[in-house]
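The structure appears right after this line, and notes come after that.
The values are calculated or read from the model by the stated rules, or taken from the named source; none is laboratory data. The shown structure was predicted, so the numbers you read here are calculated from the model rather than taken from an experiment. Ideal geometry is used to build each Cβ from the backbone, glycine not excepted, and the neighbour counts take in all protein chains shown.
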Amino acid sequence: MADSSFDIVSKVDRQEVDNALNQAGKELSQRFDFRNTGAKIEWNGELAVELTASTEERVSAALEVFRDKLVKRQISLKSLDVQDPRQSGKESKISATFQAGITQEQAKKLGKLIRDEGPKGVKVQIQGDELRITSKKRDDLQAVQKLCTGADLDFPIQFVNYR
């Protein structure tokens, strides 16, 4: 019998983020407390977002609106890296970027967790920005998935290519 496997990845669904961004932008334009504050949110590159408002308080509130929309669309806030508010002329701005991919350091940490606490006979391979987990028993793979979701990681993970 061939080994079963799956991959652990850390990806952000850009379409879902785009939908959350559009919903947040619509709410910022319609809510009473954001009137005449110049609050807006827009893409600033492939996986970067910039929020703008007249005061630091309003831009922070706009960020909370965006975070709420992300949570409603099942996008982990662990993938969002937010900078501190900064003044830009008469406006306050916040830049935020989405982290995609698992770094070597994170992959090693996750691999060590699986080797130490996971079932015996499970193999872990680092393949670029993802991890391949293989085992002869599917039950072991499910145990690894349960272990990974229960672990307190500082980055979001998804399981793909279950074979």
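Among the residues making up region 67-95, those that are in contact (Cβ under 8 Å) with a residue 40 or more places away in the chain, of a type outside the set (Lys, Arg) and within 14 Å of Val49 (Cβ to Cβ) are Leu70, Ile75, Ser79, Ile94, Ser95.
Taken as a whole, region 85-106 holds no residue that is acidic (Asp, Glu), surrounded by 12 or more Cβ atoms within 10 Å (Cβ to Cβ) and assigned by TED's automatic domain parsing to the domain that holds Thr149. Scanning for something of a type outside the set (S, T, N, Q) and over 18 Å from the mean Cα position of the chain (by Cα), does region 3-22 turn up at least one residue? Yes, there is a match, as at least one residue in region 3-22 is of a type outside the set (S, T, N, Q) and over 18 Å from the mean Cα position of the chain (by Cα). Of all residues in region 45-84, those satisfying the criterion of being β-branched (Val, Ile, Thr) and buried (at least 17 other Cβ atoms within 10 Å of the Cβ) are Val49, Thr52, Val59, Val65, Ile75.
As for region 5-15, it holds no residue that is buried (at least 17 other Cβ atoms within 10 Å of the Cβ) and more than 30 Å from Ala107 (Cβ to Cβ).
Could we say that Glu42 is surrounded by fewer than 13 Cβ atoms within 10 Å (Cβ to Cβ) and not assigned by TED's automatic domain parsing to the domain that holds Gln145 here? In short, yes.
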